[in-house]
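Have a look at the structure below before the remarks.
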Amino acid sequence: RPVVGVLALQGDVREHLTALREQGADAVPVRRPEELAAVDGLVLPGGESTTIAKLAARSGVLAPLRAAVRTGLPAYGSCAGMILLADHILDAPPDQETVGGLDVTVRRNAFGRQVDSFESELVFEGLTGGPVRAVFIRAPWVEKAGQEVEVLGRIVGGGADGRIVAVRQGNLVATSFHPELTGDRRVHALFVDIVRRHLAQQADSAHHGAVG
Ligand code: GLN
């Protein structure tokens, strides 16, 4: 079973642990560098990105997390987690640190001026079984995405029509919304699948390394 951590400094950690377990992962909270070193993938939950970044720096987990993501650790960020995975953040305090790795520019609280929270049906690329019911809470959107970034979902209609709210770049996935708050587990299933494939690849290259 793949071991998938949830960064457990602040935010809706428990909901992600439950969703991951339902997808067959061994889900564990991660607060410290030793715990990070023991996982095959990591979820960065929703919450308050400024607070999570501060606590991560203080606990010493931020620097090793940055390094792990850059060397291929699969990571999934929802809402605040999307902000933390972004290389560039708009409307953040000037000293806000980030994990980065995703070649995107994210705007914090992007929908906030009109509405704080809303739900919407979203077509999510690659997921079968119809649109995803997406819950947005003081959510960011992706304002700019680099060439390597696959856009998986956009808002349709209203003032935010066309805004990007779900992306993937290699082993990194991010959504502006909170699939952990609905019973729909397809986004977590997609992420656990990425973790499984990554593990299999690593086992494969270790094997060939030993032979060659
Ligand atoms: N607005 C929050 C932030 O900037 C994110 C909100 C959320 O995760 N629901 O971190």
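Applying a threshold of 9 Å to beta carbon distances and a minimum spacing of six or more residues, or different chains, the list of pairs starting in the stretch 29-48 at a residue that is within 15 Å of ARG196 (Cα to Cα) and ending at one that is crowded, with 17+ Cβ neighbours inside 10 Å and polar (S, T, N, Q) reads GLY41/ASN171; VAL43/SER78. Scanning the stretch 1-16 for residues that are more than 16 Å from the ligand (Cβ to nearest atom) and part of a loop (DSSP other than H, G, I, E, B) yields ARG1, PRO2. Scanning the stretch 27-50 for residues that are away from the ligand (no atom under 15 Å from the Cβ) and among the acidic types (Asp, Glu) turns up GLU34, GLU35, ASP40. In the stretch 62-96, the qualifying residues are those that are surrounded by 16 or more Cβ atoms within 10 Å (Cβ to Cβ) and of a type in the set (Gly, Ala, Ser), and the one that is farthest from ALA38 (Cα to Cα) is ALA92. Exactly one residue out of ALA92, ALA57, ALA67 is among the small types (Gly, Ala, Ser), more than 25 Å from VAL165 (Cβ to Cβ) and either part of a loop (DSSP other than H, G, I, E, B) or within 16 Å of the ligand (Cβ to nearest atom) (or both), and it is ALA57. For the stretch 70-88, residues that are more than 8 Å from the chain's Cα centre (by Cα), within 16 Å of the ligand (Cβ to nearest atom) and part of a helix (DSSP H, G or I) total 3.
Could you pull out the residue among GLY183, GLY126, GLY157 that is closer than 20 Å to ALA19 by Cα, out of contact with any Lys or Arg (no Cβ under 7 Å at 6 or more places or on another chain) and without any contact (Cβ under 8 Å) to a residue 12 or more places away in the chain?
GLY183
For PHE177, the test of being assigned to a loop (DSSP other than H, G, I, E, B) and either at pLDDT 95 or above or surrounded by 20 or more Cβ atoms within 10 Å (Cβ to Cβ) (or both) is passed. Screening the stretch 129-141 for residues that are touching a strand residue (DSSP E or B) at 6+ places or on another chain (Cβ under 7 Å), in contact (Cβ under 8 Å) with a residue 40 or more places away in the chain and closer than 15 Å to ALA166 by Cβ and picking the one that is surrounded by the fewest Cβ atoms within 10 Å (Cβ to Cβ) gives ARG133. Looking at the stretch 17-26, is at least one residue crowded, with 24+ Cβ neighbours inside 10 Å and within 12 Å of the ligand (Cβ to nearest atom)? No, the stretch 17-26 contains no residue that is crowded, with 24+ Cβ neighbours inside 10 Å and within 12 Å of the ligand (Cβ to nearest atom).
One residue stands out among those in the stretch 97-117 that are charged (D, E, K, R) and within 11 Å of the ligand (Cβ to nearest atom): the one that is surrounded by the fewest Cβ atoms within 10 Å (Cβ to Cβ), which is ASP116.
Residues in the stretch 109-127 that are of a type in the set (A, V, I, L, M) and in a loop (DSSP other than H, G, I, E, B): ALA110, VAL115, VAL123, LEU127. Taken over the stretch 128-163, the criterion of being over 24 Å from ASP12 (Cβ atoms) and either modelled with pLDDT under 95 or not in a strand (DSSP E or B) (or both) is satisfied by THR128, GLY130, GLY146, GLN147, GLU148, VAL149, VAL156, GLY157, GLY158, GLY159, ASP161, GLY162.
The values are calculated or read from the model by the stated rules, or taken from the named source; none is laboratory data. Predicted model, so just to flag it, every value in this text is computed and none were measured. Every residue, glycine among them, receives a Cβ derived from its backbone with ideal geometry; neighbour counts consider all protein chains shown.
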